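Undergrad: After the structure tokens below, expect a handful of questions from me.
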Amino acid sequence: MEFSHIPVLYEPVLQYLDMQPGQVFADGTLGGGGHSLGIAGCIGAAGTLIGIDRDKDALAAAGSRLAECPCTKHFVQSNYSDIKSILAQLGIPALDGALLDIGVSSFQLDNPERGFSYMQDAPLDMRMNTDDGFTAADLVNGYSKEELIRVIRDYGEERWAARIAEFIVKERQQTSFTTTFQLVDVIKRAIPSSARRDGPHPAKRTFQALRIEVNDELGQLTEAVEAYTDVLAPGGRLAIITFHSLEDRIVKEYFRKRLKPCTCPPDFPVCVCGKKTDIRQITRKPVEADQNELDVNPRARSAKLRVIEKL
């Protein structure tokens, strides 16, 4: 399958990263290389681009797409949260900037073999790294009812989590789940018809929840937002694009705490802990897609971009 990907918030990303020739940048979620193509153009032949992705198909596609870019390129199959060890292995002390475009790529969603989409029948997989052993089928067939409720409720923000979990457990007593449409059918039966008349596809929230759990997406993001901030050189910028409230909350809260690290009690007249911030906020509010972008790429509708700079 051809790797097709429209980079979200492309122009704002290039604007806010404020790249200069010769700088060192990391794209922690390389995907099809759409954002990296723009980054490579800005840093020029003297620059260095580090492209990281768990998906070997994405790395191969991005490598082809970026082949003509004259900058030094390092393509690494790894979790983006491993940036500190990746830089150590490459002998690079710090980054002048980095981008994290969180979530599943268009290629993964549109490739039926990967099992991310509730719109196509496929093996119930959802692994971003196909070398990993744990799949969505393992989760659905193996988690207890209570564990399923927790995942679907907490990561999908699904009000019918308990009923969906109950229906899944009952169904798998008869036959194991192996395909996406098996799961979609059970979810549709679990959610009352009156609740399915409006709003998104009834399986959307559950599929999001399973994908997040299978790939430990929130855990990876929590580790990464701190790690990337740590490895920025003075003046370096970190841009993070999120696609739902759970992701955005992690990024927003971490930036807030790093902007105000003082641990003194609120009633202290002056700070005595001595903790000072080492970042400044570039975007006061998250940057979102304008109508022109939404007309071309509807998947950008939920995207939010936040940017900080290292002092």
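The values are calculated or read from the model by the stated rules, or taken from the named source; none is laboratory data. Keep in mind it's a predicted model, so treat the numbers as computed, not measured. So basically every Cβ, Gly included, is an ideal-geometry build from the backbone, and we count neighbours across all protein chains shown. We work out accessible area using only protein heavy atoms, side chains counted, and drop any ligands, DNA or RNA first. Shrake-Rupley method; radii C 1.70, N 1.55, O 1.52, S 1.80 Å.
Undergrad: Packing-wise, with mean Cβ within 10 Å as the measure, how do 172-178, 33-39, 93-99 rank, highest first?
TA: My ranking of the peptides, most packed first, is 33-39, 93-99, 172-178.
Undergrad: Taking Cα pairs under 8 Å and at least six residues apart, what relative contact order does the chain come out at, in percent? Kindly include the intermediate steps, with their values, before the conclusion.
TA: Working: 553 pairs, mean separation 56.2, N = 311.
About 18 percent, as a whole number.
Undergrad: What is the Cα coordinate range of region 200-311 on the first, second and third principal axes, sorted by size from largest, in whole angstrom?
TA: 52, 32, 29 Å, listed from the longest principal axis down.
Undergrad: Relative to the longest principal axis of the C-alpha atoms of the chain, give the angle of the C-alpha long axis of helix 56-65, reported between 0 and 90° and rounded to the nearest 10°.
TA: On a 0 to 90 degree scale, this one is about 50.
Undergrad: Hey, another quick one. If each residue of separation counts as 0.36 nm, what is the full-extension length gain between Gln77 and Ser193 once their alpha-carbon separation is subtracted?
TA: My answer for the length gained is 37.4 nm.
Undergrad: Considering only protein heavy atoms and a probe of 1.4 Å, how much of the accessible area of region 229-311 is carbon and sulfur, as a whole percent?
TA: 54
Undergrad: Shifting gears a bit: What shape does region 249-311 have by the C-alpha gyration tensor, where a ≥ b ≥ c are the square roots of the eigenvalues, rounded means a/c under 1.5, and otherwise prolate means a/b greater than b/c and oblate the rest?
TA: It is prolate, given that a/c is not under 1.5 and a/b is the larger ratio.
Undergrad: Then there's this: At 1.4 Å probe size, with the rest of the protein present, what percent of the exposed accessible area of region 1-102 is carbon and sulfur atoms?
TA: The value for region 1-102 is 49 percent carbon and sulfur by accessible area.
Undergrad: Residue by residue, what Karplus-based ³J(HN,Hα) values in Hz, rounded to whole numbers, does region 210-219 have, using 6.51, -1.76 and 1.60 with θ = phi - 60° and x for Gly and Pro?
TA: Calculated HN-Hα couplings, in order: 5, 4, 4, 5, 4, 9, 6, 5, 6, x Hz.
Undergrad: Which listed residue (Ala195, Phe75, Ala88) has the Cα farthest towards the positive end of the charge dipole for the chain, taking +1 on Lys and Arg C-beta and -1 on Asp and Glu C-beta about the Cα centre?
TA: Ala195
Undergrad: Moving on to the next point. How large is the accessible surface per residue of the chain, computed with a 1.4 Å probe and reported in Å² as a whole number?
TA: Averaged over the residues of the chain, the accessible area is 47 Å².
Undergrad: In nm, to one decimal, how far is the Asp132 label point from the Ser144 one, both placed 7 Å along Cα→Cβ?
TA: Modelled inter-label distance: 2.3 nm.
Undergrad: Work out the length of the dipole vector of the chain about its Cα centre, built from +1 on the beta-carbon of each Lys and Arg and -1 on the beta-carbon of each Asp and Glu, and round it to the nearest 20 debye. Please list the in-between numbers first.
TA: Details: 38 positive and 43 negative charges, 206 e Å.
The dipole of the chain has a size of about 980 debye.
Undergrad: Roughly speaking, what % of Cα-Cα pairs in region 1-157 are separated by over 21 Å, rounded to a whole number?
TA: Beyond 21 Å sits 51 percent of the P(r) for region 1-157.
Undergrad: Still on this structure: Restricting everything to alpha-carbon atoms, can you work out Rg to Rh for region 108-160 with a Kirkwood hydrodynamic radius?
TA: Details: Rg = 12.0 Å, Rh = 12.1 Å.
Taking Rg over the Kirkwood Rh, I get 0.99.
Undergrad: Something else about it: Any chance you could get the radius of gyration and Dmax over the Cα atoms of the chain, in Å?
TA: Looking at the chain, its Cα Rg and Dmax stand at 20.8, 66 Å.
Undergrad: Tell me the Kirkwood radius of region 60-119: reciprocal of the mean inverse pair distance over distinct alpha-carbon atoms, in Å.
TA: 14.3
Undergrad: Next question, about the same structure. If you place +1 on the Cβ of every Lys and Arg, -1 on the Cβ of every Asp and Glu, and leave all else neutral, what size is the dipole of region 1-60 about its Cα centre, to the nearest 20 Debye?
TA: Details: 2 positive and 7 negative charges, 25 e Å.
Its charge dipole is roughly 120 debye.
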